[in-house]
1. Taking the beta-carbon count within 10 Å as an exposure proxy, list Leu133, Leu87 from fewest neighbours to most.
2. Sequence neighbours fewer than 8 away in the same chain don't count; with that in mind, list the lysines whose C-alpha is under 18 Å from Lys47.
Amino acid sequence: MSDEADAGQGRGRKSPTAFRTISEVADDLQIPQHVLRFWESKFAQLKPLKRGGGRRYYRPEDIALLKRISDLLYTQGYTIKGVQRLLREGGLEDGMAPELPLDHPDLDEVEAPDALRLAIEALEGLAHELRALAAPG
């Protein structure tokens, strides 16, 4: 390979410790940028560095937290309030998040279709909150 090909191949790859822009994080996590900005308003622990013009730079620990929040909201069915509670109680450390949403402490006694219904309701609530934020006025 030529030096030019080697240089082009490495382009776009950053060190794991490098800071990332909001567009890079949004692409990596497959989460829209406006959702990441919304989460910053809901989770005080998310504090990317802001440079000139308000441009955000996410640290590796910010990205790890975003991945965990995404998993809890989208996969495990937590509500925003449930994730906020976990953050306050320090329950988001790796491998420490409980399997059940705090808003539904008896979920282990609920049959699978009901658990799925509760998760869908939580996601619908999040979608409603996002639409309300996006609405002009």
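Taken together, the values in this text are just the output of simple stated rules run on the coordinates, not laboratory data. Note that the structure is a prediction, hence the values are computed from the model and not measured. With ideal geometry, Cβ positions are generated from the backbone for all residues, glycine too; neighbour counts draw on all protein chains shown.
1. Leu133, Leu87
2. Lys67
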